[in-house]
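Take a look at the structure set out below.
The values are calculated or read from the model by the stated rules, or taken from the named source; none is laboratory data. Bear in mind that the values here come from a model prediction, so they are computed numbers and not experimental data. Backbone-built Cβ (ideal geometry, glycine too); neighbour counts: all protein chains shown. Surface areas here come from the heavy atoms of the whole protein model, side chains and all, with no ligands, DNA or RNA. Shrake-Rupley method; radii C 1.70, N 1.55, O 1.52, S 1.80 Å.
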Amino acid sequence: MAANPLTPQQIREDLLMRRQKIVTEMGSVERIARQHAKGRLTIRERLDKLFDAGSFREIGTFAHSEMHDVRDRTSGDGKIGGWGTIDGRPATGCGDDVTVLHGSSSVVGGKRMKRIYDQSLKQGVPYVYFGETGGARLPDALGSEGFSKIPPGIESARRRRRIPMATAIVGESFGGSSFHSAYSDFTTQVRGSALNVSSPRVIEIATGELITLQDLGGVDIHLDLTGQIDQSAETEEEAIDQIKQFLSYLPSNCWELPPVLDGYDHAEPDPAIADLVPTRRQRAYDMHRVIQRIVDDGEMLEFKPRFGRSLITALARIGGHSVGIMASNPMFNAGALDPNTCDKGTQFVCMCESFNIPTVWLQDVPGFIVGSQPEHARLLHKAIMFMEALGLMTVPRMTVVLRKAFGLAYFSLSGNSMDNSLITAWPGAEISFMDPGVGVNVVHARDIAEASDPDAERQRLIDEWTLGHEPWGAAGIMNLDEVIDPADTRRWLLESLQRFPVTPPRRGEIKELASWPTCV
């Protein structure tokens with residue numbers, strides 16, 4: 001005799017019970033407890049903190065491994081994600097679930113992530129990833145059949161920056177989640193986590209090298225040495241706040257304009273800004289303080305603050321408009337450009353161009369750094385790649401020379417004849433082929449040596465050269481739009497943003513720089 005069919009109410013209750021068990025128990029209650037004991041959140045807790053309260057909708061809740069023997073203990077198959085709103089704007093997000101086989105990458109988990117990512121592209125909304133995985137799942141990935149089922153996600157390589165992509169590294173991340181970070185426009189890493197392609201154990205077995213997890217891929221390694229993260233965070237909550245701040249500057253996709261905040265359409269004169277910049281070109285100062293006087297509320301989100309430190313790259317707002325700041329920082333290498341600053345600048349330029357963000361360039365640069373080390377680090381190719389990116393930009397660019405701009409670095413930081421929307425200089429700024437002190441030593445070495453007072457003759461020649469470097473010459477032949485009062489710097493920039501609005505591409509069109517690699 002056939003069993004009585006379930007009523008609609010019983011079917012609904014069964015659905016709710018199944019979902020509740022999956023959501024609350026995940027890989028197991030014990031593994032959740034272990035995660036919390038480490039001071040870490042579960043992936044579902046991270047997604048709840050990322051998205052506006054009550055807005056998150058999970059996709060693939062009932063997914064599990066395709067391997068029959070582990071189906072009952074692979075809830076979600078190591079990946080969790082869905083969609084919701086962040087500060088009222090639609091977005092998608094997903095990440096690794098370490099309570100299920102260490103969040104390892106597998107067939108069904110990979111299909112789940114791909115589905116969410118594909119929906120992000122179709123909807124035209126940002127995609128956020130939380131990385132904490134042990135890499136590919138073994139032994140599932142061994143052998144030609146298993147390995148060929150888990151390709152490395154070529155769809156991310158075809159993104160062409162149509163939507164913003166951000167990653168937070170929140171635990172030990174190898175393989176797949178490290179790939180996500182390299183594809184992203186913004187990556188933050190929580191202190192105590194690790195970002196590597198391979199684990200120290202694999203490296204030891206393969207090469208004999210002994211290295212700790214933190215020495216291989218800890219926060220300080222990536223902040224100082226590799227530049228493979230944009231920010232660091234002390235807590236997961238701070239990392240989530242950084243991602244929200246990043247997304248607040250960007251449009252939802254490449255065919256829209258960034259949001260504009262009301263209430264900042266003002267630019268009172270600021271005479272004190274000039275006092276922040278010493279008149280002697282050899283004296284260092286922190287350009288961050290100048291930027292803070294120009295942007296709204298002094299707030300900005302800096303990218304790679306400890307990598308390529310002589311060039312500051314940051315997102316900020318002027319008059320409520322999102323802008324990308326590219327600024328020399330004389331506190332480091334006197335502000336000179338080097339291979340790392342070229343990589344950093346190129347990556348930032350591509351992002352700003354792709355997402356319709358105008359750029360502001362603040363110059364105080366003595367040139368490119370010289371020596372065998374930068375030459376052997378491919379300074380030539382990196383400098384030209386930076387110039388190529390600049391040449392392909394279409395968003396408005398506003399340049400201000402504050403104190404000095406020498407050599408090719410002047411043009412690399414959007415000097416005149418680089419299709420600027422605005423090119424200005426402060427009075428007293430110097431623009432020339434090279435620093436007067438260097439030029440005099442090169443050109444007049446014999447004259448100085450033969451003078452009765454070599455020091456006095458050298459200084460006389462430097463003073464003579466310096467007179468020719470002042471901005472009046474460039475302004476006189478219209479290679480500067482104007483020599484401006486430093487107090488009016490914000491006003492000039494704000495009015496230029498209003499005069500030269502960004503025109504986004506039509507739906508389906510892609511800007512050239514959008515297809516450049518995200519990791520240069």
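Shape annotation for segment 325-367: C-alpha extents along the principal axes are 31, 19, 14 Å, from largest to smallest. Couplings 3J(HN,Hα) for segment 359-372, derived from phi with the Karplus relation 6.51 cos²θ - 1.76 cosθ + 1.60 (θ = phi - 60°), are 10, 10, 10, 10, 9, 8, 10, x, x, 8, 5, 10, x, 5 Hz, where x marks Gly and Pro. Listed values for segment 98-112 are Karplus-derived 3J(HN,Hα) couplings in whole Hz (6.51 cos²θ - 1.76 cosθ + 1.60, θ = phi - 60°), namely 6, 6, 10, 6, 6, x, 5, 7, 8, 5, 5, x, x, 5, 5, and x replaces Gly and Pro.
Here the label points at E204 and I154, each 7 Å from Cα along the C-beta direction, are separated by 3.7 nm in the simple model.
Taking the Cβ of D338 as the center, what net charge do the other residues with Cβ under 12 Å away carry, scoring Lys and Arg +1 and Asp and Glu -1? Present the calculation step by step, with values, prior to reporting the outcome.
Values: positive: R309, K344, R378, K382; negative: D343, E375.
Net charge around D338: +2.
Note that segment 257-267 has calculated 3J(HN,Hα) couplings of 9, x, x, 10, 8, 7, x, 10, 7, 8, 7 Hz, one per residue in order, obtained from phi through the Karplus relation 6.51 cos²θ - 1.76 cosθ + 1.60 (θ = phi - 60°); glycine and proline are x. A value for Rg and Dmax of the Cα atoms in Å was derived from the coordinates, and within the list (i) 26.3, 89; (ii) 24.3, 84; (iii) 26.8, 120 it appears as (iii). Full extension of the chain segment joining F433 with T394 gains 11.4 nm, where the gain is 0.36 nm per residue of separation less the Cα-Cα distance.
Ignoring aspartates and glutamates fewer than eight residues from K404 along the same chain, the ones with Cα atoms less than 14 angstrom from its Cα are D364, E430, D435, E470. The Cα center of segment 310-381 and the Cα center of segment 7-71 differ in position by 43 Å. Amide hydrogen proximity for T399: with H placed 1.01 Å from N in the peptide plane, the residues at 5 or more positions away or on another chain lying under 5 Å are W361, L422, I423, T424. Each other residue within a Cβ distance under 10 Å of G124 adds +1 if Lys or Arg and -1 if Asp or Glu, for a net charge of +2. Counted by Cβ distance under 15 Å from Q35, the other residues give a net charge of -2, where Lys and Arg count +1 and Asp and Glu count -1.
Here's how it looks for F303: its modeled amide H is under 5 Å from those of T313, A314, L315, which are all 5 or more places away or on a different chain.
Protection proxy ranking, highest mean first, for peptides 310-317, 471-478, 232-239: 310-317, 232-239, 471-478, where packing is the per-residue count of other beta-carbon atoms within 10 Å, averaged.
Sorting the segments 331-344, 384-397 by their residues' average number of neighbouring beta-carbon atoms within 10 angstrom, most packed first, yields 331-344, 384-397. Remark: the chain carries 46 Å² of accessible area per residue (probe radius 1.4 Å; ligands, DNA and RNA excluded). Measuring between alpha carbons in the structure, the pairs from K49/K111; K79/K114; K244/K304; K111/K244; K21/K49; K304/K382 lying more than 19 angstrom apart are K49/K111; K111/K244; K21/K49.
When the solvent-accessible area of segment 332-482 is split by element, carbon and sulfur atoms take up 56 percent of it, the probe being 1.4 Å.
When each of the peptides 266-276, 243-253 is scored by how many other beta carbons lie within 10 Å of its residues on average, the order from highest to lowest is 243-253, 266-276. Extension gain, H68 to H381: 0.36 nm times the residue separation minus the Cα-Cα distance gives 107.5 nm. Annotation: amide H of M434 within the under-5 Å range of G407, sequence separation 5 or more or interchain, hydrogens built in the peptide plane.
Note on K114 and I59: the extension gain reaches 18.7 nm, defined as 0.36 nm multiplied by sequence separation minus the Cα-Cα distance.
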